[in-house]
Structures are given as structure tokens and as C-alpha cells.
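Novice: Handing you a structure now.
The values are calculated or read from the model by the stated rules, or taken from the named source; none is laboratory data. A quick note: this is a predicted structure, and the numbers were derived from the prediction, not measured. When we count neighbours, we look across all protein chains shown, and the Cβ atoms used for this are built from the backbone with ideal geometry, even at glycine. Ligands, DNA and RNA are stripped out before the accessible areas are found, and what is left, the full protein with its side chains, is counted by its heavy atoms. Shrake-Rupley method; radii C 1.70, N 1.55, O 1.52, S 1.80 Å.
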Amino acid sequence: MNRRTKIVAVAAAVLLTLGAGGVAVASGGDGGHGTHPAREAAALTGTAKLYRPAGDDITFAFDAHLAAKDNKDPQAATGTFRFSHYKDGKGGYAVAKVDCLTTGGKVAVVTGKVIETDVDAFRNKRVGVSVHDDGKHDRLGYSWVGRETNLEVPPCLSAAPFEKVLAGTGDFKVLPWQLEYPTE
């Protein structure tokens with residue numbers, strides 16, 4: 001291989017490498033500034049209404065995140081989630097400040113302290129919600145199910161996702177937590 005062929009081959013390899021890096025940066029959402037932000041450790045986002053044939057309007061919305069730097073501390077999660085239940089003009093809502101987020105595969109569990117509500121039973125309580133992000137068949141569960149609804153749950157706990165999401169309303173996105181396990 002002559003010198004000119006080698007230079008062209010090296011230049012092509014450099015261009016391919018830069019091109020692949022450019023694609024990664026462009027899709028990384030950094031605004032084209034050449035930095036690649038770290039992947040979040042975990043996240044739960046989206047909104048859905050629960051399936052209720054009787055016409056209840058029950059909605060859940062999530063914006064919960066665990067930063068990459070906090071990968072080993074799910075109680076460092078940030079964000080909020082909101083839920084509401086209305087029927088025939090009556091009902092209420094609550095907004096919780098996230099205090100824990102764990103995810104595994106397509107399932108997330110988030111807890112938070114209620115910081116805003118018009119329902120006395122939720123005022124200043126920690127509540128938990130679970131989500132199964134299953135495309136068009138998302139599911140959801142919440143900690144206040146059952147007879148004793150006044151219980152305050154510990155961080156990171158909730159009921160299994162037993163509720164069906166109303167078809168066409170679920171857009172939950174769960175970013176799976178990627179734990180680093182010790183090798184020794």
C-alpha cells in the first residue's frame with residue numbers, strides 16, 4: 001500500500017469515527033455543543049387515565065428522575081407526581097414531591113410527600129405509586145388501596161400495578177435503573 005492510499009484510509013477511518021461520534025452527540029440532546037450528558041440513573045415520566053367504566057376521571061402524571069451521580073441513592077430522586085379523581089363534578093387532587101424512585105425493567109416505584117392537595121386524608125402524607133410501562137397496556141398501583149387508607153408508606157414502597165390504564169391515554173416511560181454490582 002503506497003503512502004497516498006494509507007493517508008486516504010486513515011482519513012476515512014477518522015471521518016467514520018467523527019461521523020459516528022457526531023451522530024451520538026446529535027442524538028444526545030446536548031444542543032450540538034459537543035458535550036455528551038450522562039444518562040440518568042432512573043426516570044419515570046408520563047400521564048394516563050385509569051380505566052373506569054362508571055365514568056370516573058382518575059389521572060396520574062409523573063416527572064420523577066434520579067441523576068446519574070445519585071445512582072446508589074434512590075432517595076436522592078427529584079421531581080413531582082400528581083393524581084386526581086373526579087366524578088360528577090366532585091373529587092380532589094394531590095401533588096407529591098418525589099423522595100424515592102426505583103425502577104427495574106419496565107416497572108417503576110415512586111414515593112413522595114404530598115405538598116399540595118384539596119383532600120385532607122393526603123395532606124403531608126407519603127404516598128407510593130407503581131407503574132408498569134407496557135406500551136398500550138400500561139398498568140398502575142397505589143399505596144392507599146385497601147381498608148386502612150390512612151397508612152403512610154416508607155420510602156420506595158407501593159402496591160403492585162393492579163389498575164388498568166384507559167386505552168389510548170397511557171404514555172408512561174420508565175428508564176431502568178442500572179445498578180453497579182461489586183466485583184469482589
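Novice: Scan segment 36-61 for residues that are open to solvent by 30 Å² or more (accessible area, probe 1.4 Å) and touching a His at 6+ places or on another chain (Cβ under 6 Å) and jot them down.
Specialist: Correct list: Glu40 only.
Novice: Glu152: in a strand (DSSP E or B), farther than 19 Å from Leu166 by Cα and either charged (D, E, K, R) or open to solvent by 30 Å² or more (accessible area, probe 1.4 Å) (or both), yes or no?
Specialist: The answer is no for Glu152.
Novice: Output the qualifying pairs, or none if there are none: Cβ atoms under 8 angstrom, residues six or more apart or on different chains, first residue in segment 138-159 and without any contact (Cβ under 8 Å) to a residue 12 or more places away in the chain, second residue surrounded by 13 or more Cβ atoms within 10 Å (Cβ to Cβ) and of a type in the set (S, T, N, Q).
Specialist: Leu151/Ser143
Novice: Another one. Considering only residues of segment 155-168 that are in contact with a helix residue (DSSP H, G or I) (Cβ under 9 Å, 6 or more places away or on another chain) and open to solvent by less than 70 Å² (accessible area, probe 1.4 Å), which is nearest to Thr59 (Cα to Cα)?
Specialist: Among those that are in contact with a helix residue (DSSP H, G or I) (Cβ under 9 Å, 6 or more places away or on another chain) and open to solvent by less than 70 Å² (accessible area, probe 1.4 Å), it is Val165.
Novice: If we scan segment 97-120, do we find a residue that is under 14 Å from Leu50 (Cβ atoms), hydroxyl-bearing (Ser, Thr, Tyr) and at pLDDT 95 or above?
Specialist: For segment 97-120, residues under 14 Å from Leu50 (Cβ atoms), hydroxyl-bearing (Ser, Thr, Tyr) and at pLDDT 95 or above: absent.
Novice: Take the conditions closer than 23 Å to Gly168 by Cα and touching a residue at least 24 places away in the same chain (Cβ under 8 Å) and apply them to Gly105. Does it pass?
Specialist: It is true that Gly105 is closer than 23 Å to Gly168 by Cα and touching a residue at least 24 places away in the same chain (Cβ under 8 Å).
Novice: Further, regarding this structure: From the list Asp99, Asp171, which one is within 19 Å of the chain's Cα centre (by Cα), touching a residue at least 12 places away in the same chain (Cβ under 8 Å) and assigned to a loop (DSSP other than H, G, I, E, B)?
Specialist: Asp171
Novice: Another one. Within segment 119-126, does at least one residue satisfy the condition of being surrounded by fewer than 20 Cβ atoms within 10 Å (Cβ to Cβ) and among the aliphatic types (A, V, I, L, M)?
Specialist: Yes, segment 119-126 contains at least one residue that is surrounded by fewer than 20 Cβ atoms within 10 Å (Cβ to Cβ) and among the aliphatic types (A, V, I, L, M).
Novice: Name the residue that is most open to solvent (accessible area, probe 1.4 Å), counting only residues in segment 63-98 that are among the polar types (S, T, N, Q) and closer than 12 Å to Gly112 by Cβ.
Specialist: Step by step, filter segment 63-98, then rank; the result is Gln75.
Novice: Still on this structure, please answer the following. Only one of (1) touching a residue at least 12 places away in the same chain (Cβ under 8 Å); (2) open to solvent by less than 70 Å² (accessible area, probe 1.4 Å) is not met by Gly135, so which one is it?
Specialist: (1)
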